[in-house]
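Note sheet for the following structure.
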Amino acid sequence: MLKTSTTDVVPEKKVQAKQRQGFKLNAKDKYYASIFLGPSLLILGLFVFYPMIKTLYISMFLTNTLGNTTVFVGLGNYVKLISAPDFISSMMVTILYVVAVTILTIALGLLLANLASQKLPGISIFRTLYSVTMGVSVSVAAIFWLFIFNPSTGFFALMSGWFNLPVVNWLTSPANAMWAVIITTVWMNLGFTFLILLGAIESVPRTLYEAADVEGVSSRYQFFHITIPMISPTLFFVSTITIIGAFKSFGLIDLITKGGPTNATNMLVYRIYKDAFYSGNYAKSSTEAIILTVIIAFFTLLQFKFLEKKVNY
Amino acid sequence: MANFDESAILKRVFSYILLIALAVVILAPFFIGIWASFLPTMDIAKGDLFSTNVSFNNYVSAFTKTPILRYLANTVVIATVTMFAQLIFCSMSAYAFVFLKFKYQKTIFSLFLITMMLPFEAEIIPNFATIKSMGLLDNYAALIIPFLTSAFGTFMLRQSFMQTPAELKEASDIEGLNHFQFYWHIVLPYNKISMITLGAYSFLGAWNQYLWPMLTTFSNNSRVIQNGLKQLQSEETFNDWGMIQASAAIIVIPTIIVLFVGQHYFKSGMNEGAVK
Amino acid sequence: MSKLKKYAMPLVIVLGVILVAIFGKAISAKSAVNDNRTPIVFWHEMGGPSEQALEQVVDGFNKSQTKYKVIPKYQGSYDEAIQKILQTHGTSTSPAVFQAFDISTAQMLHSGYTTPVQNFIDADHYDVSKISSVARSFYSNGGKQQAMPFNTSQPVLYYNASLLKKYGITPPPVSPSYSDITRVAQQIYEKSGHKVKGMTVQVYGWFIEQALANAGTQLANNNDGHTGNPTEVKLNNPDSVEFLKWIKENIKSNDFIDYGSGASAGANQTAGFLSDKVGIFIQSSASIGDLIKNNKNQLGITYFPHPDNKKANGVAIGGAALWISNDKPKNVQQGAFEFIKYALKPEVQAQWQKATGYLALNKDSQKTQTLKDLYAKSPESKVPGQQLATAKANYSNSGILMEGMQLTRQLEEVAMETVYNGGDIDHALTTADKDINDNLTQLNKANGYK
């Protein structure tokens, strides 16, 4: 659908998998397949499939100080985990974070993309500026924002000083710390989301808008009744990517809040890390890892289900 | 556009105001951070953000007192190698799915799809053990080998390869090209845009790695920039904010330049591969 | 699209790689000076300014040596380092000598991955009596010195003496009670016209443990683990309640500011203290160097405060010790011990205290010109050392010898934060107890401890 590359130039006849059903299996292809696929399969097997099974295995044991499995407990770790209030609250926190990040990222990304899709002189400057956070890595984002949130010398604290407002404890009160992490994440996500949505909006046929203009339809109406429906596939794609990314958040949390205060930002992946590589409880960490996998798998499947309609394989 | 009636002008002015306001909000963290990087830490600690003691001292101390250059170098090497490896291995497996016909093709393809559902973050414990048993801890290889290929990259390139005109394959069969030649001389050049996109994607992905390098690097010889920045913040003592901001600026400026240059590819390529 | 634009990105990348090749070479060339001294890999967790001071110690050792060469490698926070040490044991990456913090002592002991320092002390006839006995006892077990204390700190209370003078507030006594501090904090807040907050206590499990130690109360059974592996923890005891009540009282009267937990909290409260946002805070004595150097105000220091109804029992030391791994050949282990001996020399320790604020552990350090000059310049820097010297070592103030202390601290911090944010003290402590004991039971089961 979004065609900006050279593939446009070439006429319709394409090698589609389904059209190629007629190809016969031949021995040579088998030889080539092993060469072409071998390396990737080896790496994926060693670093994706095997560790998944191993993690599942560890999650059914207790592990000792040295990290070795000792006592078999079956599903005991799972039962213990999902009945622990601190784990439940961690899950709630994670979900809150994911929902807030996704909504804000998409809404702001749309706003920016819609604004930047106007045909105005100098608009390309704004497009460049809006995508700038794509070049920001977690550590840099964290450092910039930590400095802004700092309660005594931070920019927000200074600003409240100018306007004689009470200083907000961005990093020390549980609710605010969550927002601090959300704001930073959304800020980081924005560049990428903006760029993709802009591409999608630009590919909406101009004729639709021209027709609407002739009809005298307001630009707000155009946005909700032309733009949004036309870019809904991209919106869906960006949402699932954002959701999956948010579930896997780690770096920002490690740098900004370390999961605190009062575990208010102790999200799933941070727990997995902390339980294993701080506290040395590898069994608990593996149990949490399996739960994370189930969640990620669900959203990835959702994405596939959708792509299936668009893609034939 | 030629029609300069009042409301159109008003609308345009309003658009610019909004555009500028949003740009300011988005860029504010950069400006504040970069401004702070020119101030002495003591002024920052006192909250004196409008200090006039502007200097490059923080940059000098970031370069001379910290191993930031070494971290940058490590990261560039790792990200570059990862990028080329993914370009090669992903394109090879994508090629196999599109242009070859073999037993269990569907099953193997599903396996690739399944790997996209398994988050690396959930597999760090066994992967640490694997890298340890290979004797690769604290080595560039530890940060590269698990990421030599990617299911996402394969999937993305497969989508792109499927758009290759059938005539090209037919022509190359007539020419007597074997699969290697067809792959190297026709398919890769033809899908250049997708390759560049995947390249940028995997480079940035490797550049932004945080958790895994944190677990597997133990010295400055292999430590990457994302973890290195954290080291500048000390545990029990006082933070040298000026120098930390300077280091952040040193890191972010090159990536932003790369990004501006590569932006065009990235946008079109991502849309290509993502939503077809 | 222009050709230039097309090739710019690959070009930038290639240029980057070339740059790396050049820089990388230069850097590795520097470190690979060909000498045939035995390399001793040393893992440490000193970040920021302390790292520079530590590198001076290492440089000093290396210059004095023809046989060994210590290679320092930073490992992140204390917390992170423990699992790195345990999980790399037996590989070529693992260190010959490493710095591990106070609360990991039980883990290190039980791992069986280290050679007791005592073995080398005996073989070398090294005189340990010069080293502070309180610090030594923290890291000994079964009559054997397991590790050598190195960077040792004491929690102390800092106050802004200039501020007190300005407002005519009587300074707290050198060993203050909770209510002494409350009085000063409230006066600062009131007399500054609510511009300066009176006090803060960082959400840090170490502090609640110290409050217990100073009240002479044990957190874990079996004498805080010194006479057997602990099986039960009781954080909900009158002395924890007293400590949290004290903080809560100050929160209620608005003279308290909460900087939260974690490394950034520590940095933020220091910044707040230096910029006259808060008048009193509790922190490791290791901060003293920065607080004197970067301070336009006069600094005041007292001992860790004690409950009103009790005499101060003295606090346990904090910081970390140096351990020798047993997965390295004999000569490497010997080299590691040579480094330990060097690091504890009077002059080295004196210099270390001056640079970092960690206390000089060698008694002879006090006689050095370095420390004499330091005390002459800033007499208050004597206080932490005095606190260490006044305390008599007993089971309550010799640390908690229990595994799972990292998680315990996290749970203590959750309890503290809950209280700071308005939660009920009893409930917060009971929750913490339940979680800590759950974890302890499981840990003992997994390890087969009775």
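A few remarks follow.
- Helices (runs of 4 or more DSSP H) completely within the stretch C:216-332 that count 2 or more residues being at pLDDT below 90: C:263-274, C:288-293
- The stretch A:51-80, subset of a type in the set (A, V, I, L, M), within 14 Å of chain B (Cβ to nearest Cβ) and within 21 Å of B:L118 (Cα to Cα), residue nearest to the chain's Cα centre (by Cα): A:M52
- Filtered residues of the stretch C:203-223 (kept if over 22 Å from C:N309 (Cβ atoms) and in contact (Cβ under 8 Å) with a residue 40 or more places away in the chain): C:V203, C:Y204, C:G205, C:W206, C:A220, C:N223
- Filter result for C:S133 (more than 16 Å from C:P116 (Cβ to Cβ), surrounded by fewer than 18 Cβ atoms within 10 Å (Cβ to Cβ), under 25 Å from the mean Cα position of the chain (by Cα) and modelled with pLDDT under 95): yes
- Annotation: of all residues in the stretch C:307-332 being of a type in the set (K, R) and free of Cβ contacts under 8 Å to residues at least 60 places away in the same chain, the one that is surrounded by the fewest Cβ atoms within 10 Å (Cβ to Cβ) is C:K330.
- Per this entry, C:I288 is not counted among residues that are more than 18 Å from the chain's Cα centre (by Cα) and β-branched (V, I, T).
- A search for C-beta distances below 6 Å between a residue of the stretch B:45-56 that is under 16 Å from B:G33 (Cβ atoms) and any residue that is of a type in the set (F, W, Y) and modelled with pLDDT of 75 or more, counting only pairs 6+ apart in sequence or on different chains, returns B:V54/B:F38.
- Just one of (1) within 28 Å of C:E51 (Cβ to Cβ); (2) assigned to a helix (DSSP H, G or I) fails for B:P146. It is (1).
- Filter result (buried (at least 22 other Cβ atoms within 10 Å of the Cβ) and within 14 Å of B:G199 (Cβ to Cβ)) within the stretch B:84-93: B:Q86, B:F89, B:C90, B:S91
- Checking C:V70, C:V58 one by one, the residue that is within 22 Å of C:D102 (Cα to Cα) and out of contact with any Lys or Arg (no Cβ under 8 Å at 6 or more places or on another chain) is C:V58 and no other.
- Selection count, the stretch B:118-142, where residues are in contact (Cβ under 8 Å) with a residue 24 or more places away in the chain, more than 8 Å from chain A (Cβ to nearest Cβ) and in a helix (DSSP H, G or I): 4
- Residue count for the stretch B:228-252, restricted to those that are surrounded by 24 or more Cβ atoms within 10 Å (Cβ to Cβ), of a type in the set (S, T, N, Q) and either modelled with pLDDT of 85 or more or outside any loop (DSSP other than H, G, I, E, B) (or both): 2
- C:G335 buried (at least 21 other Cβ atoms within 10 Å of the Cβ) and within 14 Å of another protein chain (Cβ to nearest Cβ): no
- The set of residues in the stretch C:414-450 being under 22 Å from the mean Cα position of the chain (by Cα) and either surrounded by fewer than 21 Cβ atoms within 10 Å (Cβ to Cβ) or more than 15 Å from C:V233 (Cα to Cα) (or both) consists of C:V414, C:M416, C:E417.
- When C:E347 is tested against (1) surrounded by fewer than 19 Cβ atoms within 10 Å (Cβ to Cβ); (2) outside the structural domain of C:D127 (by TED's automatic domain parsing), just one condition goes unmet, and that condition is (2).
- Of the criteria (1) more than 27 Å from C:F273 (Cα to Cα); (2) away from chain C (no Cβ under 13 Å); (3) touching a residue at least 12 places away in the same chain (Cβ under 8 Å), which one A:A141 fails: (1)
- Taking the criterion of being small (G, A, S) and exposed (fewer than 12 other Cβ atoms within 10 Å of the Cβ), the residues of the stretch A:69-97 that qualify are A:G74, A:S83.
- Residue check, B:S110 more than 16 Å from B:T154 (Cβ to Cβ) and surrounded by fewer than 21 Cβ atoms within 10 Å (Cβ to Cβ): no
- Filtered residues of the stretch C:209-224 (kept if surrounded by fewer than 24 Cβ atoms within 10 Å (Cβ to Cβ) and touching an Asp or Glu at 6+ places or on another chain (Cβ under 6 Å)): C:A215, C:T217, C:Q218, C:N221
- Those residues of the stretch C:204-215 which are part of a helix (DSSP H, G or I) and closer than 12 Å to C:V315 by Cα, in sequence order: C:W206, C:F207, C:I208, C:E209, C:Q210, C:A211, C:L212, C:A213, C:N214
- The single residue among C:S92, C:S137, C:S162 that is under 26 Å from C:T390 (Cα atoms) and hydroxyl-bearing (S, T, Y) turns out to be C:S137.
- When residues in the stretch B:65-119 are screened for being β-branched (V, I, T) and more than 22 Å from the chain's Cα centre (by Cα), 5 of them pass.
Conditions (1) crowded, with 20+ Cβ neighbours inside 10 Å; (2) more than 14 Å from chain B (Cβ to nearest Cβ); (3) within 28 Å of C:L299 (Cα to Cα), marked per residue:
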{"position": "C:A81", "(1), (2), (3)": "yes, no, no"}
{"position": "C:G90", "(1), (2), (3)": "no, no, no"}
{"position": "C:F98", "(1), (2), (3)": "yes, no, no"}
{"position": "C:I121", "(1), (2), (3)": "no, yes, no"}
{"position": "C:D127", "(1), (2), (3)": "no, yes, no"}
{"position": "C:G142", "(1), (2), (3)": "no, yes, no"}
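- Top-ranked residue in the stretch C:137-182 [being assigned to a helix (DSSP H, G or I) and among the small types (G, A, S); ranked as farthest from C:F339 (Cα to Cα)]: C:S179
- Residue check for C:K293: more than 14 Å from chain A (Cβ to nearest Cβ) and among the charged types (D, E, K, R): yes
- Options B:L215, B:L198; residue that is in a helix (DSSP H, G or I), more than 29 Å from B:A62 (Cβ to Cβ) and modelled with pLDDT of 75 or more: B:L198
- Among the residues of the stretch C:242-269, those that are over 17 Å from the mean Cα position of the chain (by Cα) and small (G, A, S) comprise C:S253, C:G260.
- Restricting attention to the stretch A:246-288, the residues that are over 22 Å from C:K84 (Cα atoms) and free of Cβ contacts under 8 Å to residues at least 60 places away in the same chain add up to 1.
- The selection criterion, being surrounded by fewer than 18 Cβ atoms within 10 Å (Cβ to Cβ), within 11 Å of chain A (Cβ to nearest Cβ) and farther than 22 Å from B:L198 by Cβ, holds for B:E170.
- A residue that is more than 30 Å from B:F102 (Cα to Cα) and either in a loop (DSSP other than H, G, I, E, B) or in contact (Cβ under 8 Å) with a residue 60 or more places away in the chain (or both) occurs nowhere in the stretch A:46-54.
- Residue identified as touching a residue at least 12 places away in the same chain (Cβ under 8 Å) and at positive phi among C:G448, C:G357: C:G357
The values are calculated or read from the model by the stated rules, or taken from the named source; none is laboratory data. Since we're looking at a predicted model, the values are computed, not measured. Heads up, the Cβs are rebuilt from the backbone with ideal geometry, glycines too, and the neighbour counts pull from every protein chain shown.
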